[in-house]
1. Suppose all protein chains stay in the model; what accessible area per residue would a 1.4 Å probe give for the range 119-232, in Å²?
2. Measure nothing but the geometry: give the 0 to 90° angle between the long axis through the Cα atoms of 218-229 and the longest principal axis through the Cα atoms of the chain, rounded to 10°.
3. Once each part is reduced to its C-alpha centroid, what is the distance from the range 89-152 to the range 30-63 in angstrom?
4. Where in the range 120-227 are there trypsin sites (Lys or Arg not before Pro) that are in a DSSP coil and have at most 15 other Cβ atoms within 10 angstrom of their Cβ?
5. When all protein chains stay in place, what accessible area (Å², nearest 10, 1.4 Å probe) is found for MET86?
6. In the range 96-175, which GluC sites (Glu not before Pro) fall in coil by DSSP and have 15 or fewer other Cβ atoms within 10 Å?
7. Would you look at the GNM of the chain, springs on alpha carbons closer than 10 Å, and say which of ASN94, ASN42, ASN212 moves the most?
8. Work out the charge dipole of the chain with +1 on the Cβ of Lys and Arg and -1 on the Cβ of Asp and Glu about the Cα centre, then indicate which of TYR156, LEU198, VAL228 is farthest towards its positive end.
Amino acid sequence: MKKKVLIAILIVIVLAIVAIGVSVFLDLKQEEKLKTELTEINELSNSETTDRATIEERLERTVTKGNYAIVEQAFKQYLKDDFDNMLQIAEILNDERIITVLTVDNYIYDGKDFIETKNYLTTTKETLETCKANYTEFFTEEKAMSYIQDKGLDSYYTDFYKQELVGDIANQKIDTTVEDSIDEIIEILNISEEVINLLSENPDSWQIEGDNIVFNREDLSNEYDALVSKLL
């Protein structure tokens, strides 16, 4: 009888060990699958020809299961928000309207109150300032970890998220060229705003003749030329 009890206990122990081993093995497979997925996304993002559609498709899908799926979705949301912020920056920096604000065509279209132009300049500057702040914030561990908070996961998964996915993100060198480019565009927008304000505040002192703007006051003409020269 005792022998049978011992055998039963041994069987239970063996099954428990096997179950633990299988669980660990499955966890490792899930972790490896997630790491591979994120590595491939990183390679896509850093390629010379960024495939936006493919990256977005990868960020929307989930390749793991269970708690790892929660971890994956949290980190991918972090990456997606960062990616969307970069796209917004790129779209503004490449917006042709920036260079058409101070053109005769725009003076004719939106002058002499320049309501649409003023709104565009104000909104664009505010958006760029926000994007610039977000760009810097995404390089902080605090920002990355905020996506895994309140997910109801135990410390093993949050530690995995922090150590294996977030890593030393806070120590990564920020590409200052992005911030410099934003600052340059904001400066252009500021000067453009000064020009537009000058024109809208003196509506009776200028007119369009052919392809040129002509002033009937020399002081305003000089001020206009001085401002525009800053953009050259």
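The values are calculated or read from the model by the stated rules, or taken from the named source; none is laboratory data. Everything quoted here is computed from the prediction, not taken from an experiment. With ideal geometry, Cβ positions are generated from the backbone for all residues, glycine too; neighbour counts draw on all protein chains shown. When the accessible area is computed, the model is the full protein with side chains, heavy atoms only, and any ligands, DNA or RNA have been set aside. Shrake-Rupley method; radii C 1.70, N 1.55, O 1.52, S 1.80 Å.
1. Accessible area per residue, the range 119-232: 59 Å².
2. Result, in degrees: 30.
3. A separation of 27 Å, based on Cα centres.
4. Working: sites: LYS125, LYS132, LYS143, LYS151, LYS162, LYS173, ARG217; in loops: LYS151, LYS173, ARG217.
In loop regions of the range 120-227 (DSSP not H, G, I, E or B), the sparsely surrounded trypsin sites (Lys or Arg not before Pro) are LYS151, LYS173, ARG217.
5. Accessible area of MET86: about 60 Å².
6. Numbers: sites: GLU96, GLU116, GLU126, GLU129, GLU137, GLU141, GLU142, GLU164; in loops: GLU96.
Of the GluC sites (Glu not before Pro), the ones in loops of the range 96-175 whose Cβ has at most 15 other Cβ atoms within 10 Å are GLU96.
7. Answer for the Gaussian network model of the chain: ASN212.
8. Value: TYR156.
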